[in-house]
Structure formats: structure tokens, C-alpha cells
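Please read the structure below before turning to the comments.
The values are calculated or read from the model by the stated rules, or taken from the named source; none is laboratory data. Keep in mind the model is a prediction, meaning the values are calculated, not measured. When we count neighbours, we look across all protein chains shown, and the Cβ atoms used for this are built from the backbone with ideal geometry, even at glycine.
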Amino acid sequence: MRKLLLLLLMFLGGTAGAQVKPGQLADSLFSTYYHQRATHFKNLPQTPGDIIFLGNSISDGGEWAELFQDTRVKNRGISGDISAGIIYRLKEVAQRKPEKVFLLIGTNDLAQGKSADSLLKNISWIADYLKGQTPATRLYVQSILPVNNRFNKFSGHTSKAELIKKVNAQLNANAAKQGYTYLDLHTPFSDETGKLNAKYTNDGLHLNGDGYMLWKHLVFDEVYDLLPKPAILPEPQQLQWTNQSFPLYQATAIVVQSPTLQAEGERLKAMLAARGLKVQLKQKAASGEPHIVLALAKTDAPRQAEEAYTLSVNQDQVELKANTPHGIFNGLQTLSQLMRDNAFIPGCQVLDWPAFGWRGYMVDVGRNFQTMELLKEQIDIMARYKYNIFHFHLTEDIAWRLEVPRYPQLTAPEHMTRNKGAFYSVAEMKELIQYCKDRHITLVPEIDMPGHSAAFTRAMGADMQSKEGLAYLKNILTDFCDTYDVPYVHIGGDEVKITNPDFLPQVTAWLHARGKKTIGWEPGGNLADNTIRQLWMKEGATNPKHTYIESRHLYLNHMDPLEAVTTIFSRQIGDRVAGDNAVLGGTLCVWNDRNVIQQEDVLRLNPVYPGMLAFAERSWKGGGHAGWITNVPADEPARVQAFQEFDHRLRNHQKSYFAGLPFPYAAQAETTWELFGPYKNKGNLSASFAPEKKGFKGKDPAAKAVGGTVVLRHFWDPLVKGALAKPEENSTWYATTRFWSDADTTGHFWVGFQDLSRSYNSDSPAQGTWDDRSSAIFLNGTRMNPPKWKRPGQKGNAEIPLLDEGYSFRAPVTAPVKKGWNTVLVKVPVGSFKGKDWQNPVKWMFTFVPLETKDLNTNQTAPQAP
């Protein structure tokens, strides 16, 4: 062994400042077991995205793929290995180009008499070699674990406790210089005397099953690029972390004493079963048994007390209390997010309640039908993020989607213009209502009247506002009220010329007489004073006699995916920081007017899930800022910081809970742009100005912006503010930013200059252009080519689906990226702010976002036309 150490030291000394290469050592220097494992590793298949645990017997003992329930997590531990052995077999690891390597090595080196300096040099060599051979691989150097001599075993190891601390301190100090991340396992594995905690070992050196669960918990966030603490969304009103943690994997009981909480107890039991944990519902836990308590108890909250809850987590139990089962349900959603690693729940104290009592999400199935399966998927996600209203838009000009047994012609295929023959039966509607109730969500059906009713007219042969049409409608509503147990009926009432002023008063009176509350769009028709108004335009001013729901500038079909998150996060719902008697809350809406190839495209083409999470945060947490903006103000550091913090939590949820689901979003909060302009182009949109010239050094930008998408001027300006305080026609602006790359590689990017609304019938760009404004983008001085459009110059048509017009549902742009800083220059000219027609509004904007590897795996690619 001394010969081996000497050879390595000579080799390492000779390579200082030179290319790092592995040494040539004799196979005989390593054990039989070492060669058994090393040759086994060498012959295993190459797989992308590996996360490798590399080390000695302590790593060898972990069933890592099972522990993380992830086949990408690989074991490369060899019992008895030392740093020299890692070096000797490191080529096999590097050739795999793993995503991450978690190294734990050194306790055997020290036990064999190797000096701390020699061990540190070898670990530095390992870091340098990996960085040189596979620069995209992230290296995590884990501290050497503590040891414990009370077991009277491994005296060579347990005598090195102080030396272990010295090495760990130096590993921590070297991390920045060596380009690795240092992970301190020593402290959490130590008892009060600094020795390896006896509950995690049975020999003073190696780990038992509990030890591996703790190890998983400690590195879980680094394995999956998550925040150190679980990202809770929506963020609780009050959350305080403690130093304790609850061993979830040891829990065997859920204590439920109130019969009214039996359903929530079963729900929690199912949640744990899905994580591979078996528990029983009990009325009392045994002494010392780790358990979770669900209890009804007075919970004080400043508003919406029926939905409030408290949650307490310590080392012995988890206790969830609320005034109602609904409050318990809300607490379970938070608890589920705290259980992210299925090992330990971090200790915490939570007091939480919603700022708004109405937190809704609306889907339009009249235009584009969605199956029960897809609807339930969205309802499940609503429930997970504490929504309590499902607004179900059932009828449209295109089709009437709700079965009415008395009038089967309403759902006959010949009276539909899309998804012909697709509708919801009475049984399915009842099932959906109950599915929502089981998740403490109220289904609000919308039967739009008298507008958006061409399908009704085709089927019944009468206009709704006619005497005959109104009679049919009253029969329909009577049957509806007799059949379905829902408290609200949304009557629409918008975008129509009222020819019969008695129509809406009669309809609302008819429904009110049958015990239903009514909701209508505002602005709209002549609604009754006791009908709730759902605001959809700025003109909808509040009246003290009325009650409102906010949906202004909350239409996802008009929003760019990245802009959607920034604008919704910034909102004040109903111009308030919390709900009151005038404004109940808000509803986020998806109106995909344009036809789609398949139902999932509604979720692909629109930022549904990222938008839902942003609205969940704002409607539950409250707050926000006055006015409607597209970008977080770069000159307000507190707002930028708040958005960055939310962006990190949102990305954590994207990675953790939306695998396989469309989630068009990428990290954007750290991107800051400097904007230079305006340069007068006099209508010549291709004109070049100073920022395009080599050597341009803009010192004083005229404006700054934060985010991956920057809207200079929204098509609804001045209602919706863009990044420019005073945008001017016939002007050109330039924006610049930069990003870092660890290596020369091929970068993948979202790039775009317009985001076609899924409601307007806008034209597609001409071939060879990004848009019709001569926009351009340069990466490190090289112009990036626009996509080869599938339908270049296609005239807008509601029946022609979008294919690749949006950056988030087409293949990312690829371009060479250099090691170090890369510069981006964006050119955004504009002529007139008036579009050629109302279907082609001018939304002056651009998008540039570097994508991570995980983003590429879930890129929202639209389907090909059949």
C-alpha cells in the first residue's frame, strides 16, 4: 500500500499545471472485490443523465436506485476503496458523462495512515479530472462521516475523529477554487459529543437503514436541484422552520378521532400508500409510535376561517388541526409538499388561511371538447394547489356540450361544428360534480345565454331571446336544477345585443326561485342586482350594490408562457390585497377559441399549469401590486427578489410534480436586460443602428427589464403596461444580456418575437423571418436564424390549428455556446402600433431563454397535423 501511495504522489506532483490524466498502476495493487466491482461497472450499459454515488463501503451499502425510486441514481461504491482506487477507476465514471457525481471518500485513507494533505491532493485531482473530461458534470464532495468508538470496532478508523474534522474543514475551504459543491454530512450524522450517532450505525463506521434514510434526506435537494427546504406553493401565511424533523418512513399510524374527518384520514392514508408507506387509521397512537394527527380544533384566522389550518411537525408527530374538514384538506396539500423525499418531514410550525374565498379555474369545453380524464387531471391539480371553484363553460356557438334528455337535438352531431357528437351525459356531469365535491371544489356550470348560443339556435330552431326560445330554456333550466346539486349557475350574458330586455331578468328570477345563485359576465347584459358579476374588462367598474369575481387580464389564451407567470404573480385581485364583501376572489380562464388537433393542445399552447400555480399563489397569499404589468419592474429590487423567490419555488414544483405533463416554463427570474433606444427608424424596420456595430459599449441603458420574455408594449396598452414607459411608433430598440456556460457546447434556447393569441385569428410569419417587424437576434455576434415555419404566411383562421408559431411548442433553437460568458443582442423594431386588422394586434415583444437539460426533456412540442 505504501508503494501505491508513493506512486500516486509522484504522479500527482508531476501533473501540476499539465493535462490531468489517470495514472498507470498495477492491477495487483487492488483487492479481488475491487476488481469484481470495477469490471462490473465497466461493462454496464451507458445511460444518459446518471447521478452517481461514488466511494467506499459506505456508498457501496446503499441501494440508491430503490432509495430514490429513480433508476438514474447509480451505485459506484466499492467496499474498502480509497482515494487512489477512485482515481484508478475514474475513467469509467467520466466516460459516462454523468449529470452529477456524489463523492464520499477518505475514511479508509486516514485509517491506513495516509496524511490529510495527501488525501486532499487526491480529491483535488479527482475534481480536476472530472472537470476536464466531463465539464458539464456537477461534482458534490461529501464530508467524511463521523465515527464512533463505543462499539469497539474499526479502531484504525475511530481513532481518526479529529483528523476527519480537519479534512472536512479543508474540503469545504477548497470547494470554490476546485469547482465542486461541498456537502456537510458530518454535522447531521453526529451526536452531541461529535461522534457518529449510534442510531444510524451498528458498528461505529458503517450506516444502518436509518442512516441511509437520513443520507437521502440530506442530499435530496442537491440530487434534484431543489431548494434546501421543501418549496410550499401557495406559500403559507405564516411558516416557521425548526431544527427538528419527523421520520416519515417510520410512521405507522394516522390518529383520527372525529368521524367527520374519516374521509380526510383515508385520503392521507392513500397519499402515503402512493409513496410506498403503509399506515393504519387509529383513534390513539401507541406510546412512542411516530404518527400523524388530524383533528378538528378552534383555529383562529383573520379571514376565511373555514379553510384555515395549523400544522406542527416535530420529531415525534405531525399534528394537523382545522375548524372544518375543508381546512384539514388544505393542510394535507401543504403536508404532501413537505413529504417530498418520503424520508423525513422538516420540522415546522404553520398557520395558514386564504386571502380570497373564491379561487377559481375555468375551462371552455364548448369550443374544444375535453374528456373526463383530462378534466379530472386538471381538477386534481386544482385541488393540490387549494383552488375551490371549477368554472365549467359548457355551451358555445360551436357546440352545446351538456346532455338534456328532454331535448336530445341539443347534443346531436349535426348541430356541432367541432368535435361533433362529443358531450357530457347526465351521469358524467353528476360524476364530475361529485369528483369536485370530494376535493372541496365547487363546480360552477356555465350555460351561456343569450349570447354564444348559435348551437342552441341550430338545434332548437329558435333564438334564445324569442318567446319560443325562452320557453325551451326555462324547461332546460328546470330540468337542470332538478338534476344537479350545484349552488351556482353561470348564465354568461355577455357579447350579445339584448333584443329582449326581459330575457335575463326572467332567467335569473327563474333560477333564484329554484334556490340557485347566479353569476354573469360584466360588462354584459341587464343582470339582476343579486347576480354576482364576473369582471372580464377594465370597463367593469365596481358598484357598491354588487358582488364581483375578478377575471380581468386573467385569460391565459392571450398570454405568453413566461409573461403569464410574471403578470399573474404581480396582480392585485380585484384591486385588493384580500377578499371582502365586494370582491370574493378571482377565476383564471382558458379560452382557446382556435381549433386544436388534439385535446391536450389546450394545455400545450396555453400556459395552463404555470399560470395556475402563479394564480394559486396570488389568490391564496393575497397581496400583489396595483396595475397590470407584463414584466417585474427592474428598478424595484424588493419586487425582483420576491419574484426570484417565487420563480425558484415554481421551478421546484415543475421538476417534482409535473413530469410528463405540459408545463411551458423555464427559469427566467435571474435574467436582466439592458435596453437601448429609441432609434428612429422612420418606418424602415430593417435599418441598423449603433448597437449592431462592432465595439458598441452601451454604458447608460435607457431602461432595464427582468425575465425571459420582455414586452415593450402590450397590444392592450395603456391598460397593460410594458417595459417602456413611453413607447413610440417607428422606433427600434435593442436589448442585451449575457449568460454563463461551463463548457464549449451546443446551447438550446426558446427564442421568439411574437406570441400569437390562441383566440385571435392572427397570421403566421413569412418564411425566413421571425415576425413581420424585421426583428433579429445575435448570439456572440452571430445572427440566429428563424425557424422553418410549417405554415409560413398562413392567414389566420379559427379552424386552422397552430403548429409551431409559439416558442414553447416548437423545437428549441440550437446554436454554439462558448465556455464562459456569452452575449445576446436582440433587435426589436416597430412601425405602427395599429395592426392591419383586429385579428393581428401589435404586441411588441421578444423572448430569449437558455434551456436546461431537463427543460429539453419536457419541451412542449405541438403535435404534427394528421
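Observations, loosely collected:
- Single match in Tyr385, Tyr407, Tyr361 (criterion: over 24 Å from Val489 (Cβ atoms) and among the aromatic types (Phe, Trp, Tyr)): Tyr385
- Gly62 vs. criteria over 22 Å from Gln133 (Cβ atoms), within 44 Å of the chain's Cα centre (by Cα) and modelled with pLDDT of 95 or more: yes
- The sole residue among Arg367, Arg340 that is more than 22 Å from the chain's Cα centre (by Cα) and not in a strand (DSSP E or B) is Arg367.
- Selection status of Glu92, more than 27 Å from Tyr249 (Cα to Cα), in contact with a Phe, Trp or Tyr (Cβ under 7 Å, 6 or more places away or on another chain) and assigned by TED's automatic domain parsing to the domain that holds Leu214: yes
- Residues in segment 606-649 that are aromatic (Phe, Trp, Tyr) and either touching a Ser or Thr at 6+ places or on another chain (Cβ under 8 Å) or part of a loop (DSSP other than H, G, I, E, B) (or both) were compared, and the one that is farthest from His391 (Cα to Cα) is Phe643.
- Taken over segment 425-437, residues that are touching a residue at least 40 places away in the same chain (Cβ under 8 Å) and either out of contact with any Phe, Trp or Tyr (no Cβ under 6 Å at 6 or more places or on another chain) or within 21 Å of Ile476 (Cα to Cα) (or both) amount to 8.
- Checked against the criterion of being in a helix (DSSP H, G or I) and farther than 22 Å from Thr442 by Cβ, the candidates Pro501, Pro505 yield just one match: Pro505.
- Criterion (assigned to a helix (DSSP H, G or I), free of Cβ contacts under 8 Å to residues at least 40 places away in the same chain, surrounded by 15 or more Cβ atoms within 10 Å (Cβ to Cβ) and over 35 Å from the mean Cα position of the chain (by Cα)) met by exactly one of Leu527, Leu477: Leu477
- Verdict on Thr630 being surrounded by 23 or more Cβ atoms within 10 Å (Cβ to Cβ), under 29 Å from Trp821 (Cα atoms) and of a type outside the set (A, V, I, L, M, F, W, C): yes
- Beta carbons closer than 7 Å, at least 6 apart along the sequence or on distinct chains, pair a first residue in segment 343-366 that is within 14 Å of Ala305 (Cβ to Cβ) with a second that is modelled with pLDDT of 95 or more and aromatic (Phe, Trp, Tyr) for Asp352/Tyr309; Pro354/Trp620; Ala355/Trp620.
- Of all the numbered requirements in (1) more than 24 Å from Ile532 (Cβ to Cβ); (2) touching an Asp or Glu at 6+ places or on another chain (Cβ under 8 Å); (3) in contact (Cβ under 8 Å) with a residue 40 or more places away in the chain, Thr395 misses one, and that requirement is (1).
- Of all residues in segment 541-588 being closer than 29 Å to Phe809 by Cα and of a type in the set (Phe, Trp, Tyr), the one that is surrounded by the fewest Cβ atoms within 10 Å (Cβ to Cβ): Tyr555
- Residue in segment 371-388 that is buried (at least 18 other Cβ atoms within 10 Å of the Cβ) and out of contact with any helix residue (DSSP H, G or I) (no Cβ under 9 Å at 6 or more places or on another chain) present: no
- Restricting the search to strands (runs of 3 or more DSSP E) fully inside segment 766-866 and requiring at least 3 residues that are at pLDDT 95 or above and over 20 Å from His714 (Cβ atoms) gives 776-779, 813-817, 820-830.
Residue by residue, here is whether (1) free of Cβ contacts under 8 Å to residues at least 60 places away in the same chain; (2) within 20 Å of Pro523 (Cα to Cα); (3) not in a strand (DSSP E or B) holds:
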residue: Arg533; (1), (2), (3): yes, yes, no
residue: Lys538; (1), (2), (3): no, yes, yes
residue: Glu563; (1), (2), (3): no, no, yes
residue: Ile568; (1), (2), (3): yes, no, yes
residue: Val602; (1), (2), (3): no, no, yes
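- A single entry from Arg359, Arg401 fulfils the requirement of being crowded, with 19+ Cβ neighbours inside 10 Å, of a type in the set (D, E, K, R), closer than 23 Å to Asn323 by Cβ and modelled with pLDDT of 95 or more: Arg359.
- Here Asp225 fulfils each of the conditions (1) surrounded by 19 or more Cβ atoms within 10 Å (Cβ to Cβ); (2) under 34 Å from the mean Cα position of the chain (by Cα); (3) of a type outside the set (A, V, I, L, M, F, W, C); (4) at positive phi apart from (1).
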